[in-house]
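Here is the structure we will look at, set down as C-alpha cells.
The values are calculated or read from the model by the stated rules, or taken from the named source; none is laboratory data. All values derive from a computational prediction rather than experimental measurement. Ideal geometry is used to build each Cβ from the backbone, glycine not excepted, and the neighbour counts take in all protein chains shown. Note: areas computed on protein heavy atoms with side chains; ligands, DNA, RNA excluded. Shrake-Rupley method; radii C 1.70, N 1.55, O 1.52, S 1.80 Å.
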Amino acid sequence: MRGTKRVSQLLWRWRTNPLRRHDDVVGAWIVLAVWMVIATGGTLIGVLTAHTADESFAQLRRERHPVQAVLAESTAPTVNMGAGTPYDQVRATVRWTGKDGSTRTGRAMLDPGQRAGSKVVVWLNGRERLTTEPTSASTAAVEADVFGAAAALAFASLAFAAGRVVQWRFDQRLYDRWGREWEQLGPQWRRKTN
C-alpha cells in the first residue's frame, strides 16, 4: 500500500484531479522529456565516445612498432621533476636500421643517464618516423572510459541547461498569463466601501 502511495505522489502531475491544470501536465512532460534526453542521449554519447576513443588507441597500437636503436650520444643525467612524470625523459639522438636497410637517425625521448652506444627501443609510425610509444590496452581502456564519461557529462549538462531554459520560458509565459488574468479579476475582489 505504501509503495503505491509513493508512486502516486511521484506521478502527481499525471493523476486525475479537478485542480490539475493543463499547464501542470505540460510542465511535467517538459521535465520528463529533458530527463529522458539526458538518460538516453548521455548514455549513447558516452558509449559512442568511449568506443571511438578505444578504436583510435587500438589503431595507434597497430600502426606503431618498436625498433632496436643505438644511442648516438649520452643522455643527460636524471632531471629531478618527480618520478613517473612525463618530464623524467630527455631528448637524444638515436640511430636505427630502416626496413629498406638504410641507416637512419633521429631524436627520441629516452630515459636519462644512458651512455652513447647503448641499445634502446624506439617506436616508429607507419611512415617509419620516430613517435611515442602507444598506450597499453589497459591504459587505453581507462582513458576511453574517462573520455566517454566526460562526453556523457558534457551532453547531460547541455541538455539540462536547455531544459532549464525551456522550463523558464514556459514559466514566464505562465506568469504573464496569470498576470493578465489577475488584472481582469483583481478589481472584482477588492473590498467596496461606501
Residues that are under 17 Å from residue 161 (Cβ atoms) and either small (Gly, Ala, Ser) or not in a helix (DSSP H, G or I) (or both), drawn from the range 27-68:
33, 39, 41, 42
Could you please give the count of residues in the range 16-34 that are touching a helix residue (DSSP H, G or I) at 6+ places or on another chain (Cβ under 8 Å) and either without any contact (Cβ under 8 Å) to a residue 12 or more places away in the chain or within 17 Å of residue 154 (Cβ to Cβ) (or both)?
3
Please go through the range 106-123 and give me each residue that is open to solvent by 50 Å² or more (accessible area, probe 1.4 Å) and under 39 Å from the mean Cα position of the chain (by Cα), ordered by number.
107, 109, 111, 113, 121, 123
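Out of all the residues in the range 51-67, is one or more over 35 Å from the mean Cα position of the chain (by Cα), open to solvent by 70 Å² or more (accessible area, probe 1.4 Å) and either at pLDDT below 85 or not aromatic (Phe, Trp, Tyr) (or both)?
The answer is no; no qualifying residue exists.
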Quick one: what pairs do we get from the range 45-59, first residue closer than 14 Å to residue 146 by Cβ, second among the acidic types (Asp, Glu), C-beta under 6 Å, 6+ apart or different chains?
50/145
Which ones in the range 124-166 are within 19 Å of residue 23 (Cα to Cα) and either open to solvent by less than 30 Å² (accessible area, probe 1.4 Å) or touching a Cys at 6+ places or on another chain (Cβ under 8 Å) (or both)?
163
